[in-house]
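Values quoted throughout were computed directly from the atomic coordinates according to the rules given, and no laboratory measurement underlies them. Not measured: the values here are computed from a predicted model. FYI the Cβ positions are ideal-geometry reconstructions off the backbone, even for glycines, and counts take in every protein chain you see.
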Amino acid sequence: MKFAVFASGNGTNFQAIVDAVKKGEIKAELVLLFSDNRKAFAIKRAEEAGIKTLVVDPKSYTNKQSFERDVVIALKEEAIDFIVLAGYMRLLTAYFVKEFPKKIINIHPSLLPSFKGMEGIKDAFTYGAKTTGVTVHFVDDKMDHGPIIAQESLKILDSDTLESLSEKIHKIEHRIYPKVIQLFAEGRLRIKGRKVEILDAPQFF
Ligand code: GAR
């Protein structure tokens, strides 16, 4: 199985995925890091790890569909089987999602459906939530919306700052995302409507 990671920024999740592939914890081939942002630090991480990079700047296109079409062509050329979004801060259209049906997963730093969007950690913190967490889900064409694969919660303590909370959330992300990717690669995730069954591992998370 070949996969691509999409990242727009720092790429700590991408790094965790690279490390898990190297350790053999993810038994699939990470063939491409795609970014929509030339300045993403994730690109440096990929170069360091010897992983091919592709940057396509949406600003050089007049519309979203032609941007996405070029990305799809590049992914098909690489024979990508599935796509892992790791801090990819751009909504995929129905066109793109249909090109890779049930083959795109995303991680989000809140307990969905609460606190969707770009600032999941900050929004939960400033809202005064007592519990937040991490969600990994299949991607559809709505923001942070597709069927949920895994969630892990954590308490927001009175002593937490946005920084300490962010650190805890990222730690959870880096631990659970590689596990979900491996489950996907093993073909153990079954979507049934809004629910996702994990085959042979009912208590996995
Ligand atoms: C992660 O916390 C990820 O959950 C979040 O962006 C961050 C990227 O960090 N994604 C979203 O908010 C998607 N809606 P990273 O670049 O260090 O991996």
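Could you work out how far the C-alpha centroid of region 128-146 sits from that of region 152-183, in angstrom? Taking the Cα centre of each part, region 128-146 and region 152-183 sit 13 Å apart.
Of the listed peptides 21-33, 3-15, what is their order by residue-averaged count of other C-beta atoms within 10 Å, with the highest listed first? Could you put the intermediate results ahead of the total?
Values: 21-33: 16.8, 3-15: 22.3.
So the peptides 21-33, 3-15, ranked by packing, come out 3-15, 21-33.
Peptides 162-169, 142-149, 108-115 ranked from most to least packed give 108-115, 142-149, 162-169, packing being the mean of other C-beta atoms within 10 angstrom over each peptide's residues.
Rounded to the nearest 20, the Cβ-based charge dipole of the chain about its Cα centre (Lys and Arg +1, Asp and Glu -1) stands at 300 debye.
R0 = 41 Å: FRET efficiency of LYS98 with SER159, Cβ-based, nearest 0.05? Could the numbers behind the result be given before it?
Values: r = 46 Å, r/R0 = 1.13.
The formula returns an efficiency of 0.35 here.
Counting DSSP beta bridges with both partners in region 18-169, what percentage is antiparallel, nearest 5?
On the way: 11 of 17 bridges.
That works out to approximately 65 percent antiparallel.
Pairs of Cα atoms nearer than 8 Å and 6+ residues apart set the relative contact order; for region 79-205 it is 21 percent.
Given a cut-off of 23 Å, what percent of all Cα-Cα pairs of region 6-98 lie beyond it? Considering region 6-98, 21 percent of its Cα-Cα pairs are separated by more than 23 Å.
What Kirkwood hydrodynamic radius, in Å, does the chain give when the mean of 1/r is taken over all pairs of distinct Cα atoms and then inverted? Before the final figure, lay out the partial values.
Numbers: mean 1/r = 0.0576 Å⁻¹.
One over the average 1/r among Cα pairs gives 17.4 Å for the chain.
Check every DSSP H run in the chain and write down those whose alpha carbon atoms cover 18 angstrom or more along the long axis and whose mean Kyte-Doolittle hydropathy is -0.5 or greater. Please list the in-between numbers first.
Details: long enough: 64-77 (20 Å, -0.41); 162-185 (34 Å, -0.12).
Qualifying helices, which must be both long enough and hydrophobic enough, are 64-77, 162-185.
What is the pair-distance distribution P(r) of region 55-147, computed from all Cα-Cα distances in 5 Å bins starting at 0, with each bin given as a whole percent? Taking all Cα pairs of region 55-147, the binned fractions are 2, 13, 22, 21, 17, 12, 8, 4, 2, 0 percent.
Would you mind giving the three semi-axes, in whole Å and largest first, of the ellipsoid equivalent to region 127-205 according to its Cα gyration tensor?
Details: eigenvalues 137, 41, 24 Å².
Over the Cα atoms of region 127-205, the semi-axes work out to 26, 14, 11 Å.
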